[in-house]
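Enquirer: Sharing a structure below in structure tokens format, with a few things to ask.
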Amino acid sequence: MTLTAKQIDAAKPKDKPYKIRDIERLYLYISAAGSKSWKCDGDVDGRRTTITYGKYPDLSLAEARLRNLEHKKAPVERVKMAPTFREVALEWLEKKVPSLSNPKRRHQTITSLEQFISKVGDLAIDKMPLAVRMMYSITYSPQHRKQKIDAH
């Protein structure tokens, strides 16, 4: 059922806030103090969100419906997620492997990363400091690590 201007004006505050539903998830939110706001509930990436369009009577019923319609048509802006270990590792391999002159070392590097990717490839890189440390340790050849140990 759609709201009418008469119903909106007749809505009075109660002990607790309440909603009067309109169409397309739009509703009038009436606070316990008596203020009236146009709101809409929705989902973004599986999370419930509430959008407030404005206060009544500053924003009329027709304007609230128009804003709600515009919002529904607008593309949802996605939050940039951290890359996965797979994405970082493959990018790293693409840059690093060509610079490895020893074919055996090249094969070892690829094989090691493939093992890590198969186990933790789909995890976000910012959630896995251990994997980052493992990837970092792969960047150094055994000779480089030996030189660092001998130097200390």
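Enquirer: Being of a type in the set (D, E, K, R) and either at pLDDT 80 or above or loosely packed, with under 11 Cβ neighbours inside 10 Å (or both): is that true of Arg145 here?
Expert: It is false that Arg145 is of a type in the set (D, E, K, R) and either at pLDDT 80 or above or loosely packed, with under 11 Cβ neighbours inside 10 Å (or both).
Enquirer: Next question, about the same structure. Looking at region 24-46, can you tell me whether even one residue there is modelled with pLDDT under 85, part of a loop (DSSP other than H, G, I, E, B) and in the same structural domain as Met128 (by TED's automatic domain parsing)?
Expert: No.
Enquirer: Looking at Thr49, Thr109, can you tell me which residue is in contact with a helix residue (DSSP H, G or I) (Cβ under 8 Å, 6 or more places away or on another chain) and modelled with pLDDT of 80 or more?
Expert: So the residue among Thr49, Thr109 that is in contact with a helix residue (DSSP H, G or I) (Cβ under 8 Å, 6 or more places away or on another chain) and modelled with pLDDT of 80 or more is Thr109.
The values are calculated or read from the model by the stated rules, or taken from the named source; none is laboratory data. The shown structure was predicted, so the numbers you read here are calculated from the model rather than taken from an experiment. Neighbour counts run over all protein chains shown; Cβ positions are idealised from the backbone, glycine included.
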